[in-house]
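The values are calculated or read from the model by the stated rules, or taken from the named source; none is laboratory data. Since this is a predicted model, take the numbers as computed values, not measurements. Note: ideal-geometry Cβ built from the backbone for every residue, glycine included; neighbour counts use all protein chains shown. Quick note on the areas: whole protein, heavy atoms, side chains included, nothing else; ligands and nucleic acids left out. Shrake-Rupley method; radii C 1.70, N 1.55, O 1.52, S 1.80 Å.
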Amino acid sequence: QDDILRESSYRWKGTDIAMQKAQFRAMTFGMRLLLSFLITALGVGHLDAETLKPLKDGKPPQTHAELWADWDPQAEPLDTEVLHEWEQDDVVLRVIRFRVGIFKGKKAMLAGVYGFPKGAKGIPGLVNIHGGGQYADSNAVLTNAKRGYATVSIAWAGRISSPHYRVGPNEVKLFWDGKTEDPKYKVTTDWGALDAYHAPSKNGKDAFVSVRDGSEDWTFDSVPSPRNISWFLCTMGARRALTFLEQQPEVDGDRLGVYGHSMGGKLTVQTAGSDSRVKAAAPSCGGISDRYNENPLHREVIGDSPALKNIKCPTIFLKPSNDFHSHINNIIDATQELGDVDWRVTSSPHINHQDLPEYEVATQLWFDQYLKKSFQWPTTPEVNLLLKNDSGVPVFRVKPDQTMPVQSVDIFYTQQGFDDGSKKHMENRKSRFWHFSGTQKQGDEWVGVLPVSSTELPLWVYANVTYPLENEVSGAGYYYGDYTTKTFNVSSLLKVVPADELKAAAVKEILQPTPLIESFEGDWKKHWFSLKKGQWEYKTHKVYHPIWKAPGGARLSIQVQSEAPNKLVLGIDSFATELELNGGAEFQTFVLSPADFTDAESEAMKSWEGIKELRLVGAEHQRSKDKTKKPLLRGGTWKGPEPAFRNLMWIPKSAD
């Protein structure tokens, strides 16, 4: 606290508004400390008073408002500790801890990585919230600082990734066990008497699933209460991180944002929905789908819906189309729950729980608009679906914002979109196939057609609009790897059409079963996807779709040409095979049966039934179910240009 007061030094004259605000906050904080000291000296109270008030009449909070009504995230001292400090690329980086609160008589301290551009004053601040099994990461802090932001990446699960202070699962366990004599011991997040760790939780139970009944000694309330679920405790930590940011002399506390991935996406929504200091939010792969819990206290107090209804800041949702954790169809409800709040959606097709640079960059551009005023997002594209026409084929019309140049407009649609949020639809959620429809420009609209295979299934459709960036943008993505992109994407809202509406409009079933899975002509890559950067790789969910289902007894055929001798890996789900390529100008034909594909235990695939994903790659590691075994490498370093492909298809048994 003395450091904060000394840095601000109370010099009001000649300082800018942001500095004055920082000084005022520091003085206010100092007065709180003095008041606490006087209270203690007079015997009226003590600094270690419980952070949360006891339940009134033993009744837990019944609403989102009640949950947060009696707690002030700015009231208590932070007791900030600097565990390590270094400089990198003109960025000051610190591993820190600060106090979340006092629970059941024990202090809870949250660790993280904090950083800012050296010499910066009055810059925006960001809270980065990692996902389940992830780490607080210095690369997110470093890359944000290079773009003019101060960032605290909070280690709510205790793990920290930085070049000078790494805390992995083993180090977390050493900390839990108090093994201070171990050379690998490091101080990290300490939840005190409670447990908001994850992967694993300290007490061997997943404390995030639903409301605990209060019987465990590591829960706060002794009755079933939303204050017993770790979502609540982690959100408290994120809100205290906002307090930490606004007290830093280099940060403008009126320009704070929050973002996170997966579980961090849900915590982003929880934080933005409970703290008015958040001026912009960017949840990825989380924060819209926790709305099906059977426990009403969970649904109505700590679920996504009540938090979304309380968000008052601009929010962008990063939602890959096949994400298992954050379902694209829930975007419709989520945006309605935001009300008049400005929002956008960016949805990469085919991908589960990861993303590509042109979608990941949305987080940075969103903060640039609302915290720095240095960017202006185009509006969400307007769409119009016409079901009834002479051709019997639905038509989708897209009208994008053209205040900046439009690079492309793509349409993606599926009839495998049925989803009630239950676990039984998990595999469908991850593997559903999205058809691509190219578009033609007609006036100020881009128009595409949507031939369907069934009128017994609903139709889901959305559009992606790609825009070029004036200058390329770099950052740290979902899992903190570096990316650079020259484009960005804004998506339309998903449109859902029930099957009975397709029938009423006399839509025709145009797409029929075919043995030809892929011709590799035209825009074939739009039906495939890749997450590798700088390497070729192609994956598709076509084989999960009924029209490309393998006939009984069929074999799989593909033609491949490679300039240099290589091994091509053809993978299906957890199985793979290696194809020996001779090199040269000629195409080689390969015909394969299920038994040609083996897993990491060398067990052969029994049949094509139920397959979901097909891959064409130069190399991949097959992971064993036995985690003690090293992954099995298939393929190797690819030589020369990427291969060419022709005619991926099923050969029916009758054709043998």
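For this structure, a couple of remarks:
- Extending 7 Å from the Cα toward the beta-carbon at both residue 342 and residue 427 defines two label points whose distance is 4.5 nm.
- Zone residues, the range 287-313, relative to residue 333, backbone N less than 18 Å from point 7 Å out along Cα-to-Cβ: 287-311
- Accessible area of the range 410-511 divided out per residue, in Å², using a probe of 1.4 angstrom: 41 Å²
- Nearby aspartates and glutamates by direct alpha-carbon distance to residue 53 (threshold 17 angstrom, same-chain neighbours under 8 apart not counted): 66, 70, 72, 76, 221
- Across the cross-link table entries 612/653; 279/495; 202/612, which are compared at the Cα atoms, the separations over 32 Å belong to 202/612.
- Percent accessible area from carbon and sulfur atoms, the chain, protein chains only, probe 1.4 Å: 51 percent
- Using C-alpha pairs under 8 Å with a sequence gap of at least 6, the mean separation divided by the residue count of the chain gives a relative contact order of 9 percent.
- Lysine pair count for the range 112-188 with Cα-Cα distance under 19 Å and sequence separation of 8 or more or different chains is 4.
- Net charge dipole, the chain: roughly 400 debye, given to the nearest 20, about the Cα centre with Cβ charges of +1 for Lys and Arg and -1 for Asp and Glu.
- For residue 653 and residue 87, the difference between the fully extended length at 0.36 nm per residue and the C-alpha to C-alpha distance is 197.2 nm.
- For a label point 7 Å along the Cα-to-beta-carbon line of residue 561, residues of the range 581-611 with backbone N under 16 Å: 581-590
- Helix-only [θ]222 nm of the chain, DSSP H runs n ≥ 4, -39500 (n - 2.57) each, per residue, nearest 500: -5000 deg cm²/dmol
- Modelled FRET efficiency - R0 25 Å, residue 509 with residue 466, Cβ distances, 0.05 increments: 0.20
- In the chain, the longest principal axis of the Cα atoms and the axis of helix 17-41 are about 50 degrees apart.
- Computed with every protein chain present, the accessible area of residue 577 is close to 20 Å² [probe 1.4 Å].
- Inter-centroid distance (Cα atoms) of the range 80-100 relative to the range 382-449, Å: 46 Å
- Computed extension length for residue 595-residue 53: 188.8 nm, one decimal, from 0.36 nm per residue of separation with the Cα-Cα distance subtracted.
- In this label model, residue 217 and residue 199 are separated by 3.0 nm, measuring between points 7 Å along each Cα→Cβ vector.
- Violating pairs (Cα-Cα greater than 24 angstrom) within the set 424/627; 423/542; 430/539; 312/373; 319/542: 424/627
- Full extension of the chain between residue 185 and residue 146 yields a length gain of 10.9 nm, computed as 0.36 nm times the residue separation minus the alpha carbon distance.
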